[in-house]
1. Mind checking which strands (runs of 3 or more DSSP E) fall wholly inside the stretch 175-235 and carry at least 2 residues that are acidic (Asp, Glu), touching a Leu at 6+ places or on another chain (Cβ under 7 Å) and touching a residue at least 24 places away in the same chain (Cβ under 8 Å)?
2. Considering only the stretch 174-223, state which residues are surrounded by fewer than 16 Cβ atoms within 10 Å (Cβ to Cβ) and acidic (Asp, Glu).
3. Across the stretch 116-148, which residue is surrounded by the fewest Cβ atoms within 10 Å (Cβ to Cβ) among those that are touching a residue at least 12 places away in the same chain (Cβ under 8 Å) and assigned to a helix (DSSP H, G or I)?
4. For the stretch 95-117, indicate whether the set of residues that are within 12 Å of GLU78 (Cα to Cα) and at pLDDT below 95 is non-empty.
5. Out of all the residues in the stretch 250-262, is one or more basic (Lys, Arg) and either in contact with a strand residue (DSSP E or B) (Cβ under 9 Å, 6 or more places away or on another chain) or modelled with pLDDT of 85 or more (or both)?
6. Which members of the stretch 94-115 meet the condition of being part of a strand (DSSP E or B) and among the basic types (Lys, Arg)?
7. Hey, could you check the stretch 159-187 for residues that are hydrophobic (A, V, I, L, M, F, W, C) and at pLDDT 95 or above and say which is nearest to LEU80 (Cα to Cα)?
8. Take the residues in the stretch 61-93 that are part of a strand (DSSP E or B) and not aliphatic (A, V, I, L, M), then tell me which one is farthest from LYS252 (Cα to Cα).
Amino acid sequence: MIDSVHHEHTETVRSSGGLATFGHKERLRGNRNHYTTKMKAFTLLAIIVIAQAHRSNATLLIQGPTKPVMENDDVTLECLVSNSEVNISQVHFEKFSKYMNKWYRLEEGYMYHRCYPRFTLKREADSLLLTISQIHSYFHKGLYRCVMDNATATDNSSQPLAITVNYMRDVSVYDVSSYSRDFIKGSLSVTVGKDVEVECSTSASEAPRYSWQKYGVDWILPSSKLKLKNVKMEDSGVYSCTAEHPSVASLKKSYNISITVVPASSRDYQSWYSSTNVMLMTSGAGLVLLLMILVMTLFLVRRAKQAKSTKGPIDDHSQKKPIYKASAESLPSTCGDKQPLV
């Protein structure tokens with residue numbers, strides 16, 4: 001009995017010690033969570049205060065177009081000041097150059113217009129205007145900002161404004177089934193039973209979406225390539241490739257080609273006719289060149305003969321002969337011949 005009571009007392013003490021230890025750990029964990037919560041709240045409050053202070057100190061704003069900018073549009077950017085103490089005459093525009101990896105100032109001048117053409121600056125009472133005429137993606141897209149001349153100010157520049165110039169060039173179609181990847185100018189002849197593959201491409205501010213369609217047939221192929229295997233006569237027709245801009249629905253370009261499937265004999269005759277024309281043209285050019293060489297040779301030979309015939313006998317030492325005193329040649333002459341007597 002005593003042993004059982006002692007055992008129960010021991011278990012109670014152990015249990016009490018365990019409860020005390022567990023409670024102490026819970027209090028420590030609660031204090032740590034409370035401290036973490038307070039730190040998070042303080043950090044969030046500091047971020048809000050800093051952001052509010054930055055917003056209250058911001059004095060320069062830049063405004064641009066509110067709709068998508070298309071190539072060749074006229075675009076105007078405007079610098080505004082929210083602080084009446086700032087003089088707009090001390091504000092200028094800057095553009096970021098990704099090639100030089102730095103901001104450079106936009107000013108009126110010959111050198112500026114060479115690197116950055118078709119822009120004008122205009123100062124008004126409370127704003128500075130930058131007007132870009134016929135905006136071009138190569139020269140004008142990028143980041144712009146307004147900057148105060150006093151570079152030591154706390155907030156001396158506005159937030160950058162990104163200008164995206166949307167464009168799409170004309171569509172071109174190529175015969176990729178040939179080794180030379182020939183450009184298709186409007187029509188393509190294919191022998192019946194052959195495979196043909198054509199591809200259309202263009203350049204745009206964003207990767208365009210391509211689709212192929214055949215006139216008179218209710219199907220659309222969402223791809224830049226059109227491949228016809230084992231073509232038949234009924235595959236002849238007009239095919240159209242359409243390129244669509246993913247962001248600007250109005251930017252859409254198309255190109256039509258006419259595919260004509262011809263019999264093998266007709267194709268062979270056409271190939272023979274084409275090769276014959278090439279051979280005739282090459283032979284004609286060779287004959288013209290040979291004729292020019294012959295004419296030039298005859299001209300040079302005749303000129304050399306004329307130059308040789310102009311020399312007199314007195315210049316030719318082989319034609320000289322002695323004059324004897326008793327001969328008729330030794331008599332005085334009225335021609336003034338001064339050749340000495342031998």
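1. In the stretch 175-235, there are no strands (runs of 3 or more DSSP E) which contain 2 or more residues that are acidic (Asp, Glu), touching a Leu at 6+ places or on another chain (Cβ under 7 Å) and touching a residue at least 24 places away in the same chain (Cβ under 8 Å).
2. The answer is ASP182, ASP195, GLU197, GLU206, ASP218.
3. Per the stated criteria, the residue is PHE139.
4. The answer is no, given that none of the residues of the stretch 95-117 is within 12 Å of GLU78 (Cα to Cα) and at pLDDT below 95.
5. Looking through the stretch 250-262, at least one residue is basic (Lys, Arg) and either in contact with a strand residue (DSSP E or B) (Cβ under 9 Å, 6 or more places away or on another chain) or modelled with pLDDT of 85 or more (or both).
6. Within the stretch 94-115, LYS95, LYS102, ARG105 meet the criteria.
7. Top of the filtered list is LEU161.
8. The selected residue is HIS92.
The values are calculated or read from the model by the stated rules, or taken from the named source; none is laboratory data. Here the structure is a predicted model, which is why all the values come from computation and not from measurement. Virtual Cβ from ideal backbone geometry, glycine too; neighbours counted across all protein chains shown.
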